[in-house]
Amino acid sequence: MPLKFEVELTDEDLGYYRKAMDEAWQRNAQRDQQDVVASARRLLKATAKAKAPAYVKKRLDDLDILISMLEDPEWPLEPKDQQRILAAASFFADPVDMIPDKIPGLGFLDDALMAELVIRELEHELDGYREFSEFREKQEDLRGKEAHVSREDWLAEKRRQIRFHIARRREEARRHWSGDSPTDPLLGFLSDRY
């Protein structure tokens, strides 16, 4: 029989996670992007190998998409967006773990919680990249090799459209955070640097 429980994080709890994210970013800031990405991918492989619980796997699947976004040459990121995603990945690339991963059922709980917080903050970028990937796949099926418009042209146009929507959604969310929410964004520390 499965067991369901909910976790409610207070502003103080979120402050702890913000601090943990900032510390991970500080420890990993000088690391090469490829090294951070490779380390984060090792965590993803470890969760699959350890047969992590479904609630962990679901959240880390989105982390995998964020990492793919960094590596996708057809989705070039602005430096600020790249740094935000890299900062998020750096937590998962960090060997310092709040809960040791080897504890059955709970070992990846800290990773799942942080992934959930990061995914919520980067949801617009994640949704935009999913939309772009879906569009790319459909266009490849439709156009095949006989396209009159180059792949580069139709991808560039779609990227432009999606990035416009991402910027608009991010600005709407920023207005919402500043007016109604006492909680700062998890990756807010980057705004001072980039």
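The values are calculated or read from the model by the stated rules, or taken from the named source; none is laboratory data. Being a predicted model, the structure only gives us computed values, none of them experimental. All accessible areas refer to the heavy atoms of the entire protein, side chains included, with ligands and DNA or RNA removed. Shrake-Rupley method; radii C 1.70, N 1.55, O 1.52, S 1.80 Å.
Across segment 170-176, coupling constants 3J(HN,Hα) worked out from phi with the 6.51/-1.76/1.60 Karplus curve, θ = phi - 60°, read 5, 5, 4, 5, 4, 4, 5 Hz, and Gly and Pro carry x.
Ranking PHE135, PHE164, PHE92 by solvent-accessible area of protein heavy atoms (1.4 Å probe, all protein chains present), from largest to smallest, gives PHE164, PHE135, PHE92. Evaluated over segment 1-63, the count of Lys pairs having alpha-carbon atoms less than 21 Å apart is 7 (only pairs 8 or more residues apart or interchain).
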